[in-house]
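To start, the structure itself, in structure tokens.
Computed from the coordinates by the stated procedures, all read-outs in this text should not be read as laboratory data. None of the values given here were measured: they were computed from a predicted structure. Quick reminder, even Gly has a Cβ in these numbers, built from the backbone with ideal geometry, and neighbours come from all protein chains shown.
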Amino acid sequence: MTMEKYNRVVLKLSGEALAGQQGYGIDPEVIQSIASQIREIVELGTEVVIVVGGGNIWRGMAGSSKGMDRATADYMGMLATVMNSLALQDSLEDIEIPTRVQTSIEMRQVAEPYIRRKAIRHLEKKRVVIFAAGTGNPYFSTDTTAALRAAEVEADIILMAKNKVDGVYDSDPSANADAKKYQSLTYLDILNHDLKVMDSTASTLCMDNNIPLLVFSIMEEGNIKKAVMGEDIGTIIRRNNDGS
């Protein structure tokens, strides 16, 4: 029997990944495809945490850049992540995957409040747990949320699923045909070379807590399972070059 390499994972999805080709909102076919890929790893026995962004609905930084109060804009972004989380929960439960949404901003009519011990208990019962509303604080990204929650639930790895690239490159591959893809990096590489994989707060959290990060493409069917099984896809980022 094949055993997965990672037993408890945090899957970080961008909001844009849910929009598909339309670029805005939620594409039902895309979200159903993602749900099916998540079911594959749940059926392996993997404990799955999901953190999803809200950029397909609202981006706090965009609102702030146009004169909106930054905290207000960020709170609106947090609410967008709740909408995405509920849509993903619906798709997962439609294919009989038990799922719980926990929010950092209380809204008991639609989701549970975030409680670390309760989240871990859900994972132990093989329920997918979706963390919504970021950290509950403005000025922090959903990348930072993924790093923080990964540390809190003691996840083995963060799987950062991308919809435009299949790993980390030294320059924008859409603008530079000669862009080089990295197979592995350290968090210091990310910070020193400003590679824009995740914000510096999230990178530092991962580095300090020794949480590996795998950046890969979600657009190829079956890649989430490949990532969980430890197959050689995407770019792996660790604290040290020696794999520790």
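Among 240, 123, 193, pick out the residue whose Cα is farthest towards the positive end of the charge dipole of the chain, where Lys and Arg carry +1 and Asp and Glu carry -1 on C-beta, about the Cα centre.
In the chain, that residue is 123.
Among (i) 18.4; (ii) 14.5; (iii) 13.3, find the value of mean projected area of the Cα convex hull in nm² that was calculated from the structure presented, and write down its label.
Only one option fits the structure, namely (iii).
Straight-line reach from residue 226: which aspartates and glutamates have a Cα under 12 Å away, not including same-chain ones fewer than 8 places off?
4, 40
Which net charge results when you count Lys and Arg as +1 and Asp and Glu as -1 among the other residues whose beta-carbon is under 12 Å from that of residue 13?
Values: positive: 12, 162; negative: 16, 143.
Combined, the nearby Lys, Arg, Asp and Glu give 0.
What net charge do the residues around residue 51 carry, taking every other residue with its C-beta under 12 Å from that of residue 51, with Lys and Arg at +1 and Asp and Glu at -1? Don't jump to the answer; show the numbers that get you there.
Numbers: positive: 12, 149; negative: 143, 152.
Net local charge, residue 51 excluded: 0.
Hey, can you grab everything whose amide H is under 5 Å from the amide H of residue 44? Only 5+ residues off in sequence or another chain; H modelled, so Pro and N-termini drop out.
Under 5 Å from the amide H of residue 44: no residue qualifies.
Could you compute the net charge surrounding residue 22? Neighbours are other residues with a C-beta less than 13 Å from the C-beta of residue 22; K and R count +1, D and E count -1.
Working: positive: none; negative: 16, 27, 29.
Result for the neighbourhood of residue 22: -3.
May I ask you to sort 82, 49 by Cβ crowding, counting other Cβ atoms within 10 Å and putting the fewest first?
82, 49
Among the listed pairs 66/181; 125/225; 5/126, which have their C-alpha atoms separated by more than 28 angstrom in this model? Each step should come with its number before you reach the end.
Numbers: 66/181 34 Å; 125/225 20 Å; 5/126 17 Å.
With Cα atoms farther than 28 Å apart: 66/181.
If you stretched the chain out fully between residue 240 and residue 32, how much longer would it get, using 0.36 nm times the residue separation minus the C-alpha to C-alpha distance? Let's see the in-between values first.
Working: separation 208, 0.36 × 208 = 74.88 nm, distance 3.66 nm.
So the extension gain works out to 71.2 nm.
Alpha carbon centre of region 36-77 versus region 91-166: separation in Å?
Here the two parts' Cα centres lie 10 Å apart.
Work out the FRET efficiency for residue 208 and residue 170 from their Cβ-Cβ distance, taking R0 = 30 Å, and round it to the nearest 0.05. Walk me through the intermediate numbers first.
Working: r = 25 Å, r/R0 = 0.84.
FRET efficiency, residue 208 to residue 170: 0.75.
Please check which bits of region 126-168 a label hung off residue 44 would reach, taking the label as a point 7 Å along Cα-to-C-beta and the cut-off as backbone N under 14 Å.
156-160
Give me the dipole magnitude in Debye, nearest 20, for the chain about the Cα centre, with unit charges on the beta carbon: positive for Lys and Arg, negative for Asp and Glu. It would help to have the intermediate numbers written out before the result.
Values: 26 positive and 33 negative charges, 124 e Å.
Dipole about the Cα centre, nearest 20: 600 debye.
Pull up the DSSP beta bridges for the chain and report the antiparallel fraction as a percent, rounded to 5. Spell out each step's value before the answer.
Values: 5 of 34 bridges.
So the antiparallel bridges in the chain amount to around 15 percent.
Under a plain spin-label model, where a point goes 7 Å from the Cα along Cα-to-Cβ, how far apart in nm are residue 200 and residue 121?
Taking the simple label geometry, residue 200 and residue 121 are separated by 4.0 nm.
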